[in-house]
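Take a look at the structure set out below.
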Amino acid sequence: MTPAKIGKYTVVDLLGRGGMGEVYLGEDPYIGRRVAIKVIKGADPGARDRFLHEAKVIGGLAHPAIVSLLDFDFSGDEPFLVMEYLKGQGLDAWIKEPHSLTEQLVVLDDVCHALSYAHESGVLHRDVKPSNVQVLPNGHAKLMDFGIARAAAGKLTATGSVMGTPEYMAPEILNDAAYSPRSDLYACAVLLYEMFTGANPFAAKTVAAALTNVLTLNPPDIRAARPELPKRLAEAVMACLHKEPALRPDGFGALLAAARDAAGGPPPAAIQETRALPQTPSASRPSPPPKAAAPEPRRSMARWMWGTGTGLIVVLGTMWAVNRGPVAPGPVEPAAASPSPEAITATPGPSLSPTSPPAAEPTAVAPRTRRGPREPSEGSVASPSREEPMPTPAPIATPAPSLSASPATPSPTPRTTPLVEPTVIATPVQAPPSGASPVAPRVLAGRHQVRPDSSADIDIKGEGLRPDLKAVVLQGRLPATGIRILRQEFVNSGLIRVRILIEAATPLRTYSIVFQDASGAMVTQGVQVEVVL
Amino acid sequence: MKRSKPIVILSCALLFAALTARAQPKGRDARPPETSATPDARVAALQTELDRLRAEMAALRDEIQRLRAEAVKADDGLSARLLALEARQVKLESEFTRLSEELKRTGDALDQISEGEGKRPSITVYGTLQGVSYTGQDSILDAEAFEIVLSGRPHPRLSFFAEIEFERAAAVGGPRGGEVVLEQAYASYSFAQIFSVRTGVLLVPFGNVNVDHFAPLRDVVRKPLVSYAIAPSDWTDNGIQFTGRRLAGTSWLFEYEAALIAGLDSHLTSVGMREARQPFGVDNNGNKAAVGRFAIKRSTSFETGISAYTGKYDDANRQRLNGWAADLRAEFGPIRLTGEYDHFTANTTIAPKTQLAGYYVRASWDIRGGVLRNLARGFDDPRFTLVAQYDWARIDGPNAINARFERNREIGITAGFAYRPSRQWVLKVNYEKNQITNDALDRGDRRGWLGSVGFVF
């Protein structure tokens, strides 16, 4: 029976049910936010421990491409997890539909950055597979289900019981259960192989056959099934599938670099930039990007060497010349990043139990139409059978309409006007298809420190952001003096980059950047900009 | 109860003003703990209530429409319900109007508060505690400085900036020494972005160390040798300064600072120019020195500047001191390179010209993430910086005591780290090795460990 409330949350619907627990669609009664609530049934201490462990692992990770834990509590004696409720569909279903390479590269970029960040944070996922990746309506992906993740520390050489899904298990796990970041890399490569070709290279009808394939079968060249795949990208994926862990690349740098190369440069970079702006402070600096994925320092180094070699005067001239050229290439919006309407679904997740047979893994769910109109309900989920494992809440990205300013809402400060007409560099983006629900603009709270007598780029992340929004700097509720907006660059609906100039004698205090719509009404809350010494 | 709402709002506003709390515009999804006590939170709450009312009214309208359609063939009971609903609609519209007016009044009050706060000075403080242990010397703990920075912009074109230093924070003068120095205090009038005038106590625009002299922001404990012995940082003077900046596109910023100041006096010696800084309100020769710096910046990642100084320094107003400097700061990802070269030449009547030159080059490598995240748990952006610096300075000039012409050299190598859990606090540990030829310019022939804790709030 579906409970009316779990903790403080009002239960709206049952999203999925498995042998070990249930996942509900809930709503925070105070702020109206939709959430996914995962509860565990029974008193199996092992399952409860894993449940608590999952909470701790996810709670310690803050990355835009990793599902966020919002709360953990007990309802009576039963623990429950509250996670962001994600729209979209599982990658396992997503890859069965035709998608462009650009869309696939967005997913690659997100998954690789998420895993890289988790590894940097000392966490191994240990169950990377398509059903544990949720593709959002905007084309970005989020990694979820850290139920069997473990801290990397002390675990790199540790042995333990075998967990995971056979087709995605690295061979060394089957040999000696020695997990390492390269095991996650391997699983990620299998996932990518499947995404690019549509087939898992080790899939078999039985678990035993699948395990045999993992141990003995060298997967055919990915380009045999996908000839148009760029060679470098194909080689990068294949390199990660090496049976010997030591012969796989160290980290995700090669994959990301190949993806950037395949995309012709800007798209993955743009994606990375959006990823670099976190939902929480600690995610503001996700794992340092691999060297190959950070071209900017190389360009700066080249300029530096050139400048010092030819003298200050020449530097001045060159800078002037550079300045007269295009300021910065506007990132190309990946096609997949444009919002598309999608049925809201929740995907039952993987098993938390090491003994759950892989064949019992639930397949997702309700019929969905990727580009079809939004369904009237928040989503539907086919209930897995009793034998199915614990479902994973399909995440979130809740637009939280109740938190967003209604277009009809009168602005508290309608007379606010920008000090300087910003130069809007509008990046071509696809308009949301008709029928898509418009998302009210909303920015994530953030704080940036800048110094007087300098300029700075402020990345403002949110959702529902639009090219027509205009950034203004406020002191309190009035236009600020001493800080000017030089440029405003719309990257995508989740990111607008604002360049500001802080004049020399600007008072050392906190200001805020907000967005106005065309009517001059303030439509978002502020991002703090603190002017410091 | 309803009448009390404006009073509550006004009370909040007054309390807000009294505590000089910062009113930041918050959306309705602002974090309650940060905003619940502010008028903006009240606005957000009103907004939420308005939204609720609006939704309720919309639902009522739909219901009324539906009932009207049915009422045609309905009985009296349904008509009565319709009337009740219409009455409810009228009441809601009245409440909606009242709340809208209340919201407007609250907004106006907040605007007034913001305007007042915008004209109010801001206060920032910073300071350092140093621990120094050189070979052959007793170790020292030295609360070197505590500084108060005041800034304000009461008008878009008028601003002021002041920095008061309590050095060796003890009693001023007397057996415990100590001093209070007005390092900067100027008012600025901006005619245009390209031209502003500052008057008062100015930071002399010469080299990147002097114009950005805030100790906690440096990666090493001590200021570079060149900025101690050659350009006497912190180098401040009374005068008038012209500043301006011009944007080239939106990435590059060209800036100039040019000043007329009292200038340095004749206390140029073979160990540096620190004693040549004149007291405020004094000029030994009436000649005003001209000094300026031209800089090019790109965001926070690149800055280069050239500086120049000229002025007569002797009491007879005959001999000229000329100097120039070039500085650079560039970031390449986590690597940051900083350097400055200074050169001064002082004409003399009979002796050889006094020549002063020196430079420093510093490389810093910022490390973020990893173990640091655990070490600095709870901080947003912890940073661990490995740093190495090379100093060199040369002065060929007269000995202050016997007037003999000397050639003094000093070099220094510094290595260490700086740990910043946040930008507001820093722990620095350095190892220095210095070597001199003839007289010491600053540190002498010493090696030693230095540590410091700095803060900026």
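Summary of values
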{"read-out": "Selection from segment B:326-374 of residues that are more than 12 Å from chain A (Cβ to nearest Cβ), closer than 25 Å to B:Leu217 by Cβ and in contact with a helix residue (DSSP H, G or I) (Cβ under 9 Å, 6 or more places away or on another chain)", "value": "B:Thr338, B:Glu340, B:Asp342, B:Gly358, B:Tyr359, B:Tyr360"}
{"read-out": "Residues of segment B:93-106 that turn out to be surrounded by fewer than 16 Cβ atoms within 10 Å (Cβ to Cβ) and aliphatic (A, V, I, L, M), as a count", "value": "0"}
{"read-out": "Inter-residue pairs, beta-carbon under 7 Å, first within 20 Å of B:Trp324 (Cβ to Cβ) and surrounded by fewer than 24 Cβ atoms within 10 Å (Cβ to Cβ) and in segment B:218-230, second of a type outside the set (S, T, N, Q) and modelled with pLDDT of 90 or more, 6+ apart", "value": "B:Lys223/B:Val209"}
{"read-out": "Residue match in segment A:438-452 (condition: small (Gly, Ala, Ser) and open to solvent by less than 10 Å² (accessible area, probe 1.4 Å))", "value": "no"}
{"read-out": "Flag for B:Tyr390 being assigned by TED's automatic domain parsing to the domain that holds B:Ala357, under 24 Å from the mean Cα position of the chain (by Cα) and of a type outside the set (A, V, I, L, M)", "value": "no"}
{"read-out": "Residue that is most open to solvent (accessible area, probe 1.4 Å), among those in segment A:237-247 that are at pLDDT below 90 and not small (Gly, Ala, Ser)", "value": "A:Leu247"}
{"read-out": "Check on A:Phe72, aromatic (Phe, Trp, Tyr), surrounded by 20 or more Cβ atoms within 10 Å (Cβ to Cβ) and over 18 Å from the mean Cα position of the chain (by Cα)", "value": "no"}
{"read-out": "Positions within segment B:277-290 being assigned to a loop (DSSP other than H, G, I, E, B) and either on the phi < 0 side of the Ramachandran plot or of a type in the set (Ser, Thr, Tyr) (or both), in sequence order", "value": "B:Arg277, B:Gln278, B:Pro279, B:Phe280, B:Val282, B:Asp283, B:Asn284, B:Asn285, B:Asn287, B:Lys288"}
{"read-out": "Residues of segment B:273-298 classified as open to solvent by 30 Å² or more (accessible area, probe 1.4 Å) and closer than 18 Å to B:Arg246 by Cα, total", "value": "2"}
{"read-out": "Segment A:465-484 - residue that is open to solvent by 10 Å² or more (accessible area, probe 1.4 Å) and away from chain B (no Cβ under 12 Å) and, of those, modelled with the highest pLDDT", "value": "A:Lys470"}
{"read-out": "Hits in segment A:494-533 (condition: more than 15 Å from B:Thr124 (Cα to Cα) and of a type in the set (Asp, Glu))", "value": "A:Glu503, A:Asp517"}
{"read-out": "Residues of segment A:145-169 that turn out to be hydrophobic (A, V, I, L, M, F, W, C), open to solvent by less than 30 Å² (accessible area, probe 1.4 Å) and modelled with pLDDT under 85, as a count", "value": "6"}
{"read-out": "Matching strands (runs of 3 or more DSSP E) fully within segment A:1-82 where at least 2 residues are acidic (Asp, Glu)", "value": "A:21-27, A:69-75"}
{"read-out": "Those residues of segment B:243-265 which are within 20 Å of the chain's Cα centre (by Cα) and not aliphatic (A, V, I, L, M), in sequence order", "value": "B:Thr243, B:Gly244, B:Arg245, B:Phe254, B:Glu255, B:Tyr256, B:Glu257"}
{"read-out": "Failed condition for B:Gly311, given (1) away from every other protein chain (no Cβ under 14 Å); (2) open to solvent by 30 Å² or more (accessible area, probe 1.4 Å)", "value": "(2)"}
{"read-out": "Subset of segment B:375-395 [part of a strand (DSSP E or B) and either polar (S, T, N, Q) or within 12 Å of chain A (Cβ to nearest Cβ) (or both)]", "value": "B:Arg383, B:Thr385, B:Gln389"}
{"read-out": "Search result, residues across segment B:110-155 that are outside any strand (DSSP E or B) and more than 10 Å from chain A (Cβ to nearest Cβ)", "value": "B:Thr135, B:Gly136, B:Gln137, B:Asp138, B:Ser139"}
{"read-out": "Residues of segment A:520-533 satisfying the condition of being surrounded by fewer than 24 Cβ atoms within 10 Å (Cβ to Cβ), part of a loop (DSSP other than H, G, I, E, B) and within 9 Å of another protein chain (Cβ to nearest Cβ)", "value": "A:Val532, A:Leu533"}
{"read-out": "Filter result for the condition that a residue is in contact with a helix residue (DSSP H, G or I) (Cβ under 9 Å, 6 or more places away or on another chain) and open to solvent by 60 Å² or more (accessible area, probe 1.4 Å), over A:Ala234, A:Ala224", "value": "A:Ala224"}
{"read-out": "Counted residues, segment A:116-135 - those being open to solvent by less than 10 Å² (accessible area, probe 1.4 Å) and closer than 19 Å to B:Arg373 by Cα", "value": "3"}
{"read-out": "Enumeration of residues in segment B:238-276 that are part of a loop (DSSP other than H, G, I, E, B) and within 14 Å of chain A (Cβ to nearest Cβ)", "value": "B:Gly249, B:Thr250, B:Ser251"}
{"read-out": "Residue count for segment A:28-47, restricted to those that are at pLDDT 75 or above and of a type outside the set (Asp, Glu)", "value": "12"}
{"read-out": "Top-ranked residue of segment B:339-356 - restricted to ones that are open to solvent by 20 Å² or more (accessible area, probe 1.4 Å) and under 34 Å from the mean Cα position of the chain (by Cα), ranked as modelled with the lowest pLDDT", "value": "B:Gln355"}
{"read-out": "Which numbered condition B:Ala363 misses (of (1) at pLDDT below 95; (2) small (Gly, Ala, Ser); (3) open to solvent by 30 Å² or more (accessible area, probe 1.4 Å))", "value": "(1)"}
{"read-out": "When residues of segment A:491-519 are limited to those that are open to solvent by 10 Å² or more (accessible area, probe 1.4 Å) and more than 9 Å from every other protein chain (Cβ to nearest Cβ), the one nearest to the chain's Cα centre (by Cα)", "value": "A:Gly494"}
{"read-out": "Residue in segment A:170-180 that is modelled with pLDDT of 85 or more, outside any helix (DSSP H, G or I), of a type in the set (A, V, I, L, M, F, W, C) and surrounded by 21 or more Cβ atoms within 10 Å (Cβ to Cβ) present", "value": "yes"}
{"read-out": "Among the residues listed as B:Arg383, B:Arg368, B:Arg404, the single one being under 21 Å from A:Ser121 (Cβ atoms) and open to solvent by 60 Å² or more (accessible area, probe 1.4 Å)", "value": "B:Arg368"}
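The values are calculated or read from the model by the stated rules, or taken from the named source; none is laboratory data. Note that this is a predicted model, so its numbers are computed, not measured. Note that each Cβ is placed from the backbone with ideal geometry, even for glycine, and that neighbours are counted across all protein chains shown. For the accessible areas, the whole protein counts, side chains as well, though only heavy atoms, and no ligand, DNA or RNA atoms are used. Shrake-Rupley method; radii C 1.70, N 1.55, O 1.52, S 1.80 Å.
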